[in-house]
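Reading through the structure tokens given below for one structure.
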Amino acid sequence: MMGRRRLAAWGIGLAALVALPFVYRDPYHLHILVLILIWSFAYTSWSMMGRFGLVSLGHGGFMGIGAYVTALLWNHLGWSPWIGIPIGMVAAGALALIVGYPCFRFRITGHYFVLVTLALSGIVLQVITATRDYTGGSLGYTPNRAAGNKLWSLQFDDKITWYLIALGVWLFGIVVWHWVDRSMARYALEAISEDEDAAAAAGVDVTAEKLKITLLSALMTALAGALYCQYQMFITPDTVSGIAVSLQMVFAAIVGGLFVSLGPTFGAIITIMLAETLRIGFGTKAVGWDNLVYGVLLVLFIIFLPKGILGSLLDRLKPQRKVHRAHEQEVVQIARPGT
């Protein structure tokens, strides 16, 4: 019964989300919703690793690779984003394997792994900035506007179209999250996060399992970067790559709820609304304030609310669910004949 109710709730929620842009057409609010959905997908991608103790600060690099590779191939070679996006994802995945394999093979874990990924994010940022003749450097980069088929160039002026695309990608991220959550890989990765030696002794291929989840996370993050580039039609190293973007992912996933599928979505709502509030309220005077607020809130949440907002709410509802289920079982027992 609870499973049916959950499916019904998801169905009603998705139907409402699909119908929303056709009922409420305000361009600004649709723009905010598109940003929330794209960043939710990026945060969900990071949480694929983070929930198993693999704290990466290199995902800003993966997102930057996905965005810049797609834009560069379009501008310089005329390759459609439908071709450029998979290439950008492959490039990010290859980099994840190159960096991840020696880390996992030689047991570089904990804060040492964090430092390695931090360096990765910084290197990608510096490469993008240094190759300014091609990437525009710190001034930013704009994909060329297409004069012909909008579908081929993946450039749409209509907010409703982008909203539906972002909604589909966000839903894909939720489905992948649940697929990992219900797979045997989850139990292997949880065992690894608790004790690598014990997991290896039980027959778990530690290096392979870590590489699989790292590759999946990097591919999805690169896809998020490419979609963000195509939607905004302007990117800079600071907005899609670097340490600040990686820290933003960590903050959003932890604050929303790292172990809940919709936790990163809650985190995206908080980060986007915070950034917009500071931008509208203070303008250029508030540049960089969002990162300061992220840092303060992250410390407070880790100390006082480690399961995040949504995770903590669900924990509080669990006792009520148990009581409700026990009552349902009693009703069923009474209703059965012969009892």
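Laboratory data are not the source of any read-out in this text; all were calculated from the coordinates shown. Worth saying up front: this structure is predicted, and the values here are computed from it rather than measured. Reconstructed Cβ throughout: ideal geometry from the backbone, glycine too, with neighbour counts over all protein chains shown.
About the Cα centre of the chain, what is the dipole size in debye to 20, counting +1 per Lys and Arg Cβ and -1 per Asp and Glu Cβ, all else neutral?
Numbers: 24 positive and 18 negative charges, 148 e Å.
I would put it at about 700 debye.
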Quickly rank 251-258, 275-282, 152-159, 166-173 as a protection proxy: mean count of other C-beta atoms within 10 Å, highest first. 251-258, 166-173, 152-159, 275-282
Below 8 Å, C-alpha to C-alpha, sequence gap of six or more: please give me the relative contact order for the chain in percent. 29
Using the basic label-point model (7 angstrom from Cα toward the beta carbon), what is the ILE32 to LYS212 distance in nanometres? 4.1
Applying 1/(1 + (r/R0)^6) with R0 = 51 Å to the Cβ-Cβ distance of GLN126 and ALA198, what FRET efficiency is obtained, to the nearest 0.05? 0.80
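Across the chain, how many lysine pairs separated by 8 or more positions, or lying on different chains, have Cα atoms within less than 23 Å? Numbers along the way, then the final one.
Working: LYS150/LYS159; LYS210/LYS307; LYS307/LYS318; LYS307/LYS322.
So the count of such lysine pairs works out to 4.
Restricting to DSSP H runs of at least four residues, report the calculated mean residue ellipticity at 222 nm for the chain, -39500 (n - 2.57) per run over all residues, nearest 500 deg cm²/dmol.
Details: 16 runs with 263 residues, N = 339.
Computed mean residue ellipticity for the chain: -26000 deg cm²/dmol.
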Give the residue from LEU313, ILE270, SER241 lying farthest towards the positive end of the charge dipole for the chain; charges sit on Cβ (+1 for Lys and Arg, -1 for Asp and Glu) and the dipole is referred to the Cα centre. LEU313
Picking from PRO21, SER47, LEU118, whose Cα lies most toward the positive end of the charge dipole for the chain (charges on Cβ: Lys, Arg +1; Asp, Glu -1)? PRO21
Which value in nm describes the separation of the simple spin-label points at ASP157 and ILE280, placed 7 Å from the Cα toward the beta carbon? 2.6
In nm, to one decimal, how far is the modelled label at PHE304 from the one at LEU77, with both set 7 Å along Cα→Cβ? 5.1
Leading residue at positive end of dipole, segment 151-213 (Cβ point charges), from ALA208, VAL180, TYR163: TYR163
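Under unit Cβ charges (Lys, Arg +1; Asp, Glu -1), what dipole magnitude, rounded to 20 debye, does segment 29-164 have relative to its Cα centre? Provide the component values of the computation, followed by the final result.
Values: 7 positive and 3 negative charges, 53 e Å.
Computed about the Cα centre, the dipole is about 260 debye.
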